[in-house]
1. Stretched out fully, how many nm does the piece from ASN380 to VAL162 gain, at 0.36 nm a residue minus the Cα gap?
2. Where the centroid of each part is defined by its Cα atoms, how far is region 157-213 from region 647-721 in Å?
3. Could you check the simple spin-label distance between ARG42 and GLU727, using points 7 Å along Cα→Cβ, in nm with one decimal?
4. Viscosity 1.567 mPa s, temperature 4 °C: what is the translational diffusion coefficient of region 672-764 from Stokes-Einstein with a Kirkwood Rh over Cα pairs, rounded to a whole number of µm²/s?
5. For region 420-530, what is Rg from Cα atoms divided by 2.2 N^0.38 Å, rounded to two decimals?
6. Going 7 Å from the Cα of SER56 toward and past its Cβ, which residues in region 75-107 have a backbone nitrogen under 17 Å from where you end up?
7. Suppose we keep just the DSSP beta bridges with both residues in the chain; what percent of those would be antiparallel, to 5?
8. Summing Lys, Arg as +1 and Asp, Glu as -1, what charge do residues with Cβ under 15 Å from the Cβ of ARG548 carry, ARG548 excluded?
Amino acid sequence: MPDSASTPSTPPPSAAAPMLSAGRGRLPAPIQAIYDLFSSVRFGITLLSILFVYSSVGSAGILYPISLNVFDLDNWDQIVPRQQRWAEMTEFEWFHWWPFNLLIALICLNITVTTLRRIRFRPVNYGVWMIHTGIIILALGSVWYFTLKVEGDAPIARRMVVIRSPHHEPLHMIAQPGMRVTAGEGDRRAEYRVVDIDPDWELLTGDAAGRRAYSVTVQVTRADRTFMRQLLAGHPDLTEDVLPGQGRAVRVTGEKLVDPDLSMSLEYAPQRYFYLAHSEALYLREVGRTEWVERPIHGLPRYNDSVDDYAEIWPVAPGSIPALNPLGIIVPPVAVDDPLPGMNLRIDSYLRYADLAPGLVSGGDRFDPSITLRLISADNQTLRVEMKALDPTTSNDLLGFEWVDDEREIDAHRATTPGRLVVEVPGGDGREPVMREWSVPELKLDRAERPFIPIEGTEYAIRVQNLIDSIPMESGPSQSAAIVEVKRGDASYVRFVSSDADRSLDQSVDAATGARTEIPTDPGIRMRYIGSQRPRLMTIVAGPTENRLRIVIADAESDRTELRDLPLNTRVQLFPNLSMVVDQYVARPRQVTRPVVVPREQRNRDLDMRLRMVKVEFEGRDPARPVSYWLPFHDYPFENAPTALRRFAYRPTVVRLSDGRSIEVIFSRRRMELPAPVVLEDFVLEEHVGGFTGSNVSVRDWRSVIRFAAADGLTEPINVSVNKPGEFRRYWFFQSMWDPPDAPRAAGEVASRGRNYTVLGVGNREGVYTQLFGCVVAVIGMLYAFYVKPMFKRRKQLQAQATASTVRSMSTRATSPAREPALTGKEAS
């Protein structure tokens, strides 16, 4: 029998064999352990799990129940770790922090080592290699992107009104309803005020008839005349004046302009800077200068309040009390033209949501007891009240504030005083004036028959018909009134009497019908009625010493009263559903302005961080005693009031220095210079059917048409909208905010049709194409892995099946018995 088929002495290499064999030249144990760790799939899964938790906590925070009823959403609370005092990070900073970068680096290293060690580089694995390569490229591109990323916004006014006159220096103001500037003195004083803007003024004359233009009407007020001038953007030849009450000047005087020497024009308002998101800076300049000098602030909190002294703020509601934690942030000068080159500024306090409010503190010269308190209902609704003991208009029938010079005066606030009717008959013709007074019990109103009461020494007699106490009034304290029948000889009439004798009203009464007719008030008799006075429900009593404060509480069902001491800054329960906290009481006040922290439950999240403020320390007139100022936040450091945009604050703080100079300071954001000044050519509102209804839902898109001031002039217009940004010199511009129409928001303001400015978002995109390339490589790898790799595996499977079939066939032939040939006749013989 032939020999059986021989088998190979060594097996073929396994497809799972590592590319880098650990058996060749074994590494030192510590390095080998690290090498094994970073080639571990479990380690990679652990890193990805940590990354998932880190990302979830940074974006959504941590939700936890505060009650056993977990099915009620109100019983869940949230904590965001990145907003805690130890972190103070925005979401962008959280995902750019070193732990996140370290996680990404470890994941990339794990992918690299695992790929090189465990996955052979051959066609069947090309997809996995491309996926891993794409992920690493994406990570590298993201590092590039976030390292160089800058983002902010730039406000751009649509037009600037430029005024030139031989009587004063050139003036400018942004085209905005209500904006005004003045110039000159005495008879040469002139005021220029924007009284109307129409962003869609239809042109009716000339070659441009039928088109629409941006129209601005400026009222000119002088000592000798007042007129209005209409300016049209892009059409200076159509400028003309209008005379109030007379119409167009050309129809009255024959000339288009009332004053040809006065030049007014609409010009572009170029913006040179954009202001960085999530940044802070102080801006300084000497009073009289126009350019601000920036001082960046580093390390300022964003989400948590810190103060160096509670005396620097007004009392705060529980739950919103800032931490007593002086910040000690130094803000040094960085610019060569800084107005305070040798002075470091210091920030010790920061409030995220507060507003400056005037108030009273002790230390004044004038005696004027004043109190500030809060009335708190059972459901924690709060009413803030300010009262003065010497000003009765600050008190009402329910709550009053009184000063007493003697303890016995307190009894007057605890007793019920009956009403009084006072009658006076003036003297004359040798008669002495007569005055009589009756208390309510003396008037005997309880009798069925009420006789006339003669006024001795006069011809008058009176009879009280009715008394009405405590008539509620729309404003001020309640009033009391009496209805008195007056008889003089045979004549009689009815008088309505109040506490003011000059406000009496007389009426005659028809004896037959009872009809009443108003008649002239009889000057021969004067009356006034002081209604009965029960103790107020609550009367705060100060005195007789300046630091003594008590409260008289009356029982509404009886005449009983209770006298209690009233401590400061302590919640006192007055009634089952009402309590009181006295925040402040001073006998000799002086007025100061301090921040009032808005309680957390009353904060508007839409305002973001616009109500934050810092306390900055300067060197004052006495170098040994620095002075501090609270600076409110400004979205933008505008040049002056005539260039401040509607809805944005402009309140620079003036600081008086020891050398006599005055410095203006603004707290705002850091700025960066744009690659070229940008101007707003037009603002287009694309509306849904039906037009703009006042809601953003009716707007299909907002589009700003902008141009850049390059060296050779303005660039071609660039359309920028919400989802269609425009690019210029590696910066991208997109629509961020706009100027919607609105009504006057305060006395003296002018309504606005809107579209007078735009706010563009500005940012760069360094590394984006690298990120996209990494994503493309990874996607191609996925397609390869899901569609090409199965083809290789199928082909290999078919080859394996063919090989196995051949082997089985050969094996069958080798093991079957051999057939001997049949013998021929000769062989058989």
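1. 73.1 nm
2. The distance from the Cα centre of region 157-213 to that of region 647-721 comes to 19 Å.
3. That separation, rounded to one decimal, is 4.7 nm.
4. Calculated translational D: 89 µm²/s.
5. Working: Rg = 14.3 Å, N = 111, 2.2 N^0.38 = 13.2 Å.
In units of the 2.2 N^0.38 Å rule of thumb, it is 1.09.
6. Counting backbone N atoms under 17 Å from the label point, the list is 77-82.
7. 95
8. Details: positive: ARG408, ARG550, ARG564, ARG588; negative: GLU402, ASP405, ASP406, GLU407, GLU409, GLU546, ASP565.
Residues close to ARG548 contribute a combined charge of -3.
The values are calculated or read from the model by the stated rules, or taken from the named source; none is laboratory data. Note that the structure is a prediction, hence the values are computed from the model and not measured. Virtual Cβ from ideal backbone geometry, glycine too; neighbours counted across all protein chains shown. Quick note on the areas: whole protein, heavy atoms, side chains included, nothing else; ligands and nucleic acids left out. Shrake-Rupley method; radii C 1.70, N 1.55, O 1.52, S 1.80 Å.
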